[in-house]
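Chemist: Below you will find the structure I want to go over with you.
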Amino acid sequence: CPPSAAFSTPEPGAWVSGDAEIKAAADDDDAVVKVRFLVDEGLLLEDVQVPWKAAWDTTEFDDGTHALALVAYDITDKTAGAQIEVLVDNTPPELTLLAPVEDEILHDEITMPADASDAMELDRVEFVVDDGEPDAVTEEPWEVEYDGSELIAGTHTVTATAFDAAGNETEVQREVLV
């Protein structure tokens, strides 16, 4: 009988970035002797010991859809394979915090509008004042309002962070006076 082979990680359609780990599950009646990992039909790594895994530097590839394949070989050179597609995204989102401006003097209400976009898929924009709990916005308009009347008079840091689906992020901070 030929071996069996499947991807353990990543999941089909998953977003990946940076150094991604690819893991396989392979089994056979006798023994699996090697597993080959391929990206877009090019050999990434040939692994000869359990656990079957390969490190993939996705920064060497363009953002977009890529095909991952694996081929497991048993001791008699019979094979089994599996293939999935994943989405590579190594480009962080673009983010502009439109207000408040640096060193602006604020009073009761702090409005924080932002422009945010991503070439692939923007997941969310988080807004926070000082070290408080982030307020996540998952769709346009990318904006929150804070009650500044509860803040102690003085300098405070407002932060907006945009996250894309692959986990890349861009952060913008401003110092304001209350």
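The values are calculated or read from the model by the stated rules, or taken from the named source; none is laboratory data. All values reported here derive from a predicted model rather than from experimental measurement. Note: ideal-geometry Cβ built from the backbone for every residue, glycine included; neighbour counts use all protein chains shown. Accessible surface areas use protein heavy atoms only, side chains included; no ligands, DNA or RNA. Shrake-Rupley method; radii C 1.70, N 1.55, O 1.52, S 1.80 Å.
Chemist: I'd like to check something: does the stretch 160-174 contain any residue that is outside any strand (DSSP E or B), touching a residue at least 40 places away in the same chain (Cβ under 8 Å) and open to solvent by 40 Å² or more (accessible area, probe 1.4 Å)?
Modeler: Within the stretch 160-174, one or more residues are outside any strand (DSSP E or B), touching a residue at least 40 places away in the same chain (Cβ under 8 Å) and open to solvent by 40 Å² or more (accessible area, probe 1.4 Å).
Chemist: Quick check on the stretch 127-143: of everything there that is assigned to a strand (DSSP E or B) and under 15 Å from residue 96 (Cβ atoms), which residue is least open to solvent (accessible area, probe 1.4 Å)?
Modeler: 127
Chemist: I want to confirm something. Restricting to the stretch 144-159 and keeping residues that are among the acidic types (Asp, Glu) and in contact (Cβ under 8 Å) with a residue 24 or more places away in the chain, which single residue is most open to solvent (accessible area, probe 1.4 Å)?
Modeler: The selected residue is 145.
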